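This report refers to the structure that appears directly beneath it.
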Amino acid sequence: MSRPSTPVPAADDPLARERSHLAGSRAALRAMREDVESLDIKDVTANWVNAEVLARQIDDRIKALADLSDTPLFFGRLDYLHSPGADRAEGAEGERFYIGRRHVHDHDGDPMVIDWRAPVSQPFYRASKKDPMDVALRRRFGYTRGDITAYEDEHLSDPAEAAATSKLLQQEIERPRVGPMRDIVATIQPEQDEIVRSGLGGTVCVQGGPGTGKTAVGLHRVAYLLYAHRERLARTGTLVIGPNRSFLHYIEQVLPALGELTVKQATVDDLVAAGLEVRGSDDAPAAVLKGDARMAEVLRRAVYSHVTMPTEPVMVVRGSRRWRVPAYEIEETVRELLDRGIRYGAAREALPQRIAHAVLVQMERSGEAPDDRVQDAVARNPAVKAAVKAIWPPVDPAKLVLRLLTDADFLAEHADGTLDEEEQKTIRWAKPVRSVKSARWSSADAVLIDEATDLVERTHSLGHVVLDEAQDLSPMQYRAVGRRCSTGSATVLGDLAQGTTPWATRSWDEALAHLGKSDGVVEELTAGFRVPTDVITYASRLLPHIAPGLTPVASVRENPGFFDLREISGTADVVTACEELLRNEGSTGLIAADARVPALARALTAAGIPYLAPGEETTAETRLTLVPASLAKGLEYDYVVLDEPQAVVDGEPDERTGLRRLYVALTRAVSGLIVTHTAPLPAQLAG
């Protein structure tokens, strides 16, 4: 195959040389893709199944090698004093590496771009004047629509050059946002990089305030782990769990942009409601109790209450012989299985084999020589099957939960000493329900069924799970997520100050215990890269009231941003504020209490301003998103109009939750915030 060539620039034009390397790298990536596209697999597969698998792998590889025209193929360069890993003798020649989103090599196999996850790339993020890590020069590139337009150099090993803040880095951090969330590989900071590159074996919990990049860190950690442990995670799988569909849609392009196409995404409801239609809802007290970790013990008791001790022996007839297993011997087996604490279903499957084994022992004593086939036949004997059904009957998890929620005596029996009478009454349904299908299950009910299902049959465990906005999960939801990574690890992301559910997490140690990862390490991100100084300073007035003791985020941005408080007379002034912000480049979000969204939607329509719902992708023509406060968490916009802060607080069941919801809404802006209000502002914002 012929390879495209690129013109050689003048030796004294550094920018032209870098542009030439970019053109050559793009040509090399195109050639890599063409090589894969030209593969002929007709003669290398033994059957159609293998052919299908290989074809799918090739298709994924082709997609991963796509060149995104508006995305720079590399964003930095490292010039080492010595070749990494080589002898650092005086006069030894160094090496140059271009750092990018993926590896690119030429037709000889020599690297033209190094993957940002490779060990040799790490100094791009961590090297400093104090610790240059053998780097002579770190170069950052500025881009416009995928083309190099500027560069910036740091001579890290030159003592004569003072340390300075990177202007290109600041510009990249503050660049306007249009469309879904993008990767941050060009701007990862040292404290973020340490979390991203932490090992697969351990669970990491990241406490991070607004704008600290915790979501991006979690996603990039997945990308790093897939790079460092690809074969293992290809077998065990990875999953990103988000709070809602809008949030997942917002982040769904980050990993594909880094060439990772196999990571699945879901909400907790998606995980636990498989095959179950959730049509109902709970009031806050019932939801809090159903999410309480004590419910796990109630369910365990209810499941194993179905086991009854035998009162009659089992008589097995084979040919002319009769074999009798006494009741006391079967009881010993049953108690042993219960003491081992294995899953209900697994023990139920083991019981007939244990009874059959007792029969085989008698056969051997009588001089017979039975084998495994005989044991299996005895286990299937009608008498054995009947005994197992009576002693250890099958349990349907949904029917079990339905009985607990509708049968007062059944609930009282298994909640005794765990839930008091008033708590039992709180979770019990007021009206009887005919069947599982006719029940109006809530999300909290689905989690209970998932717990019961795991008591019966072990939940499949993945290699790694990322749990974002984790502060809003109940203990029972944590247990449901923990089951999905019981033999793997997790990255837990959240902010205790943004907990807006009645059962919101009180501490990360408690959350990790419910997750089954008590040995997880808690890391805190306090440097704010996205939220402007004036905005985060104003929002932080709420912290003493919603999360006492939590470290406030300190914005590291040089641009203080735009912030304005406006007392207005009506929705027309809100529309005016939106029009004002839309004159700027980038996206704008109008955030309001859920109850006020319909009125604001009508006002925007009357003014002829098109708008989107959360999760819908902004375009050049439509850059305004109307966001109910309940869906604002995790989303970011260049500019935000926040309507009626007091209405946001009043829209929640209690003041603390309302103030936390307000804190979330106040911290969605990347470049500027206008707060509009007719009612007085919450007293907690006074300062």
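Of the residues Ala386, Ala452, only one is open to solvent by less than 20 Å² (accessible area, probe 1.4 Å) and within 23 Å of Tyr304 (Cβ to Cβ); which?
None of the others qualify; the one that does is Ala452.
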Filter the range 135-153 down to the residues that are buried (at least 16 other Cβ atoms within 10 Å of the Cβ) and over 35 Å from the mean Cα position of the chain (by Cα), then identify the one that is farthest from Gly100 (Cα to Cα).
-> Ala136
Of the residues Met133, Met181, which single one is in contact with a Pro (Cβ under 7 Å, 6 or more places away or on another chain) and either within 30 Å of Arg668 (Cβ to Cβ) or not in a helix (DSSP H, G or I) (or both)?
-> Met133
Please go through the range 38-68 and pick out each residue that is at pLDDT 75 or above and in a loop (DSSP other than H, G, I, E, B).
-> Ser38, Leu39, Asp40, Leu65, Ala66, Asp67, Leu68
Of the residues in the range 373-416, those that are of a type in the set (A, V, I, L, M, F, W, C) and not in a helix (DSSP H, G or I) number 2
Go through (1) crowded, with 20+ Cβ neighbours inside 10 Å; (2) closer than 24 Å to Gln684 by Cα one by one and return the number of the condition Thr588 breaks.
-> (2)
Please give the helices (runs of 4 or more DSSP H) falling wholly within the range 435-519 in which 1 or more residues are at pLDDT 95 or above and touching a Cys at 6+ places or on another chain (Cβ under 9 Å).
-> 508-515
Are there any strands (runs of 3 or more DSSP E) wholly within the range 203-322 with 2 or more residues that are touching a residue at least 12 places away in the same chain (Cβ under 8 Å) and buried (at least 20 other Cβ atoms within 10 Å of the Cβ), and if so which?
-> 204-208, 238-242, 314-318
Selection within the range 523-563 - within 25 Å of Asp183 (Cβ to Cβ), outside any loop (DSSP other than H, G, I, E, B), open to solvent by 50 Å² or more (accessible area, probe 1.4 Å) and in contact (Cβ under 8 Å) with a residue 60 or more places away in the chain = Glu523, Glu524
Failed criterion for Phe247 (all others in (1) under 17 Å from the mean Cα position of the chain (by Cα); (2) hydrophobic (A, V, I, L, M, F, W, C); (3) modelled with pLDDT of 90 or more hold) = (3)
By residue number, the members of the range 567-585 that are closer than 30 Å to Thr526 by Cβ and at pLDDT 95 or above are Leu581
Which of (1) within 16 Å of Asp292 (Cα to Cα); (2) open to solvent by less than 20 Å² (accessible area, probe 1.4 Å); (3) touching a Gly at 6+ places or on another chain (Cβ under 7 Å) does Ala511 not meet, given it meets every other one?
-> (3)
Some residue of the range 184-197 being more than 30 Å from Thr165 (Cα to Cα) and touching a helix residue (DSSP H, G or I) at 6+ places or on another chain (Cβ under 8 Å) = no
Quick one: is Leu200 within 16 Å of the chain's Cα centre (by Cα), over 27 Å from Thr625 (Cα atoms) and surrounded by fewer than 23 Cβ atoms within 10 Å (Cβ to Cβ)?
-> yes
Being touching a residue at least 24 places away in the same chain (Cβ under 8 Å), surrounded by 12 or more Cβ atoms within 10 Å (Cβ to Cβ) and among the β-branched types (Val, Ile, Thr), is that true of even one residue in the range 342-357?
-> yes
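Scan the range 622-650 for residues that are of a type in the set (Gly, Ala, Ser) and modelled with pLDDT of 95 or more and jot them down.
Initially, the range 622-650 is screened for residues of a type in the set (Gly, Ala, Ser), giving 629-630, 632, 634, 647.
Of everything in the range 622-650, those that are of a type in the set (Gly, Ala, Ser) and modelled with pLDDT of 95 or more turn out to be Ala629, Ala647.
The values are calculated or read from the model by the stated rules, or taken from the named source; none is laboratory data. Worth saying up front: this structure is predicted, and the values here are computed from it rather than measured. No Cβ is skipped: glycine too gets one built from the backbone with ideal geometry, and neighbour counts run over all protein chains shown. Each accessible area value is taken on the protein alone, full model and side chains, heavy atoms only, with ligands, DNA and RNA left out. Shrake-Rupley method; radii C 1.70, N 1.55, O 1.52, S 1.80 Å.
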